[in-house]
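For reference, the structure discussed in these notes is given below.
We did not get these values from a lab; they are worked out from the coordinates using the rules stated. None of the values given here were measured: they were computed from a predicted structure. In this analysis, Cβ positions are derived from the backbone assuming ideal geometry, glycine residues included, and neighbour counts consider all displayed protein chains.
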Protein chains: 2
Amino acid sequence: MLNFTYYNPVRLIFGPGSLDKLRANVPAEGPILLVSGGESIRKNGVREAILGALSGIEVVEFSGVEPNPHLDTLLRGVDVARRCGAKFLLAAGGGSVIDGTKFIAATVPYTGDDPWQLVTGREKIREALPLGVVLTLPGTGSEMNDGAVVSRLNPTDKQPFRSEKLFPKFAILDPAFTLSLPWRYTANGIADAFVHVMEQYCTKDVFTPLQDRIAEGILATLVECAPMIKQNPDDLAVRGEIMWCATMALNRLVGCGVVQDWSTHLIGHALTAEAGMDHARSLAVVLPWLLRDRIQTKRGKLVQLGRRVFGVTGADASAGADASADADASAAATIEAIEAFFTGLEVPVRLDPELVTEEVLQRVLGQMSVYKKGLGENQDITPAVVERILRASLGK
Amino acid sequence: MLNFTYYNPVRLIFGPGSLDKLRANVPAEGPILLVSGGESIRKNGVREAILGALSGIEVVEFSGVEPNPHLDTLLRGVDVARRCGAKFLLAAGGGSVIDGTKFIAATVPYTGDDPWQLVTGREKIREALPLGVVLTLPGTGSEMNDGAVVSRLNPTDKQPFRSEKLFPKFAILDPAFTLSLPWRYTANGIADAFVHVMEQYCTKDVFTPLQDRIAEGILATLVECAPMIKQNPDDLAVRGEIMWCATMALNRLVGCGVVQDWSTHLIGHALTAEAGMDHARSLAVVLPWLLRDRIQTKRGKLVQLGRRVFGVTGADASAGADASADADASAAATIEAIEAFFTGLEVPVRLDPELVTEEVLQRVLGQMSVYKKGLGENQDITPAVVERILRASLGK
């Protein structure tokens, strides 16, 4: 196990009816800036419930935060927050709304010229407005971590950033708020959570048997629950467990002391920025092909994952790390099982050549060209390897 | 899954050499009160390393905190802290030292007449001195939670208490600090962590597949690592993993949304108070006999635990919750596997009749008589059931 520091002060409030704890967790004096995408929380009654819970406190609204939230949109939110003198930000939505709210929280007290430098890390986030979350779309895990991803145009870019100042004070997770989600979003969230765990698990072994088992526990629970919720979308118990899995997948716990990868995410971010793909769907088209390309270095974990989560047999417990026909076959069968899992979610595992044309591909590869020293736990995923992975996913 | 709130702001700093992060995590101005048992941190060099890391800051020492720390001892610590005007408490030791430090932290600012009422909960812990931990004996999990247990004589009593004010600000976990532990303490810590998980896992099922798998992951890792560390006590990687398991066993995460038991602990506390047994050893003599007595209600989880952790076969996955000869046999085999695990640790699974004489037993039962409405997740462990469990453990 590698040395690590784990710190996560988010108060997680889980379960149907949890919104009744909202008022006790926000400042008694407003104004509170309610940040949202807009449409969905109006339709599903969450907005009304929040306003009811906060009655008597001044609430100002900023809606219209889009998926993969854009700098320009968020700067308008900063302006609204400053003008009303917001004391607290309340994000109501999924990962994009929460990430956007984190950016607003960091930027409101920022006095420099270029807030994008808070994202690039060239300027440090020294303070931030306090924020809380009412989660309506599980997947990114942003509700229980200190990270965010925002995008900009001119130049096109999608960048992650982190700061301890950006931990939400609380996150309210009511699985009933996810009942109205279209299947595409439920499925995307499950795929996203699955890949988050894979990036922290399917790397080289440094003797982390507990973290391995926790990671496998999240993956196995997603694999168990996905067909259940597809069959019965109204099952609140299953929705709750999926919500908890997605939060646990990126609250940094399974990342403690392990070697991490994150190359699938960096490639996926470029696909989202250049081709407008859903975040989760960009991950699902990259992961299997990246695993196939890196099967030599990821074989040990793939064999273990196959055996413990997908019931893949054929290589015994000790065969994982060593090259052998058995281990190769098991690792390949595990990758196929992952693809079958995504396919069962109706999440594609191939790039659409009509969307990712040769021209778009070249722009994606242009973005990836900055990673010359190589992505992944072994820094062996060079721009040339990325091109091979993406062409394989395109069937080229 | 039941509704829950999870909040744990402890900064966990893990790994060999982590003491170099101590200074940045304590106030720049002392005095700091260093609380310890005394002997062991002098012998193993931890005291010297701490004083070196804090050079230039005023450090006052209070040592002599005994196992199952006593009110009288701790009140002397409160006196020392008040007299020196301590700004911060640093616990260096295991669960008893940390728990004792939490009591001192709560009592220093307390202005009432009877600090024991902070333990009974009749008075609320309104504020507390900040504290940090350098862990030298993994087991109780106190380094990453807000709970503590203290004892008193006249009348004899051992009581748990909790307050969010008592979370350590940080816990430094360097597995090298555990290398000098006698086997008895290493084994006790493993047994303690195992039982902590069992109390939060081996109860009735409310559809918590992720929490189940995390709990089983901790149990399986303890079962995997215990013989490794017995064979090779100097293996720092295995010691690190055991340390992480013990912390994870009681940082409340596996308790999220599940039905909990804790009757083994309450019975164990009475055995420790009346017979002076090691905390972990009191648990190990109660748990298997309590499970045998409650096999009808705990059968489902016992079958699942046996299958997933101990390789017990004989009942299929769906048989767990229902009565059947197969399921009963699997549940019984799981209890035997737990006993074999404790026995492999050289931790007894029977009460010693020379220690727990009939007179001592009667005193223990006298303490348990307050739990008339019944302990356990079904409140069916009445004082009469406790007597049956303890007599079974005595072979009577």
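Taking only Cα atoms, what is the 0 to 90° angle, nearest 10, from helix A:71-84's long axis to the longest principal axis of chain A? Approximately 30 degrees, to the nearest 10. Were the residues from B:Lys372 through B:Gln159 laid out at 0.36 nm apart, the gain over their Cα-Cα distance would be 74.9 nm. Placing pseudo-labels 7 Å out from each Cα toward the beta carbon at B:Thr343 and A:Arg42 gives an inter-label distance of 7.0 nm.
Can you bin the protein assembly as shown into rounded, prolate or oblate? Criterion: square roots of the alpha carbon gyration tensor eigenvalues sorted a ≥ b ≥ c, rounded for a/c under 1.5, prolate for a/b above b/c, oblate for the rest. Prolate, because a/c is 1.5 or more and a/b exceeds b/c. The chain A residue nearest the rotation axis shared with chain B, using its Cβ and rounding the distance to whole Å, is A:Pro9, 2. Shielding value for A:130-136 is 0, the average number of Cβ atoms from other chains within 10 Å of each residue's Cβ. Estimated from helical segments only, the mean residue ellipticity of chain B at 222 nm is -14500 deg cm²/dmol, where each DSSP H run of four or more residues counts as -39500 (n - 2.57). Hydrodynamic estimate: the Kirkwood radius of segment A:182-393 over Cα pairs, inserted into Stokes-Einstein at 25 °C and 0.890 mPa s, corresponds to D of 141 µm²/s. The number of Lys pairs in segment B:11-177 with C-alpha atoms less than 20 Å apart, excluding pairs fewer than 8 positions apart on the same chain, is 11.
Net charge dipole, segment A:182-393: roughly 360 debye, given to the nearest 20, about the Cα centre with Cβ charges of +1 for Lys and Arg and -1 for Asp and Glu. Peptide A:208-221 is shielded by partner chain Cβ atoms: per residue, an average of 6 of them sit within 10 Å of its Cβ. The shape of segment A:204-309 comes out oblate: with a ≥ b ≥ c from the C-alpha gyration tensor, a/c is at least 1.5 while a/b does not beat b/c. The charge dipole of the protein assembly as shown, taken about its Cα centre with unit charges on the Cβ atoms of Lys, Arg (+1), Asp and Glu (-1) only, comes to about 1080 debye. Alpha carbon centre of segment A:203-245 versus segment A:86-116: separation in Å? So the separation of the two Cα centres works out to 30 Å. Comparing chain A with the 2.2 N^0.38 Å rule of thumb, its C-alpha radius of gyration ratio is 0.98 (two decimals).
Between A:Met228 and B:Asp114, the C-beta separation translates, for a Förster distance of 56 Å, into a calculated FRET efficiency of about 0.60. Taken over the C-alpha atoms, segment B:152-253 has Rg and Dmax values of 15.7, 45 angstrom.
Applying 0.36 nm per residue to the separation of A:Asn3 and A:Val360 and subtracting their alpha-carbon distance, the gain on full extension is 124.5 nm. Projecting 7 Å from Cα along the Cα-to-Cβ direction, the label point of B:Arg184 sits 6.7 nm from its equivalents in the other copies, listed shortest first. Simple rule: put +1 on each Lys or Arg Cβ and -1 on each Asp or Glu Cβ in the protein assembly as shown, find the dipole, and look at A:Val223, B:Ser180, B:Val150; the Cα lying farthest toward the positive end is B:Val150. Using a Förster radius of 56 Å, what is the FRET efficiency between A:Arg184 and B:Asp72 based on their Cβ-Cβ separation? Nearest 0.05, please. Efficiency for this residue pair is about 0.30. When only alpha carbons are used to place a centre, segment A:253-269 and segment A:28-43 end up 32 Å from one another.
Ranking A:Phe170, B:Thr247, A:Ala191 by Cα position along the charge dipole of the protein assembly as shown, where only Lys, Arg, Asp and Glu carry charges on their C-beta atoms, puts A:Phe170 farthest toward the positive end.
If R0 is taken as 30 Å, the Cβ-Cβ distance between B:Ala384 and B:Lys204 corresponds to a FRET efficiency of 0.90. Sorted shortest first, the separations between the A:Asn154 label point and its copies elsewhere in the assembly read 8.2 nm; each point sits 7 Å from Cα along the Cα-to-Cβ line.
Here segment B:11-177 is assigned +1 on the Cβ of each Lys and Arg and -1 on the Cβ of each Asp and Glu. Its dipole about the Cα centre then comes out at about 200 debye. Relative to the longest principal axis of the Cα atoms of chain B, the long axis of helix B:279-293 lies at roughly 20 degrees. Protection proxy ranking for A:277-284, B:45-52, using the average of other Cβ atoms within 10 Å per residue and placing the highest first: A:277-284, B:45-52. For B:Pro233, the distances from its label point to the matching points in the remaining copies are 6.1 nm, ordered from shortest, with each point set 7 Å beyond Cα toward Cβ.
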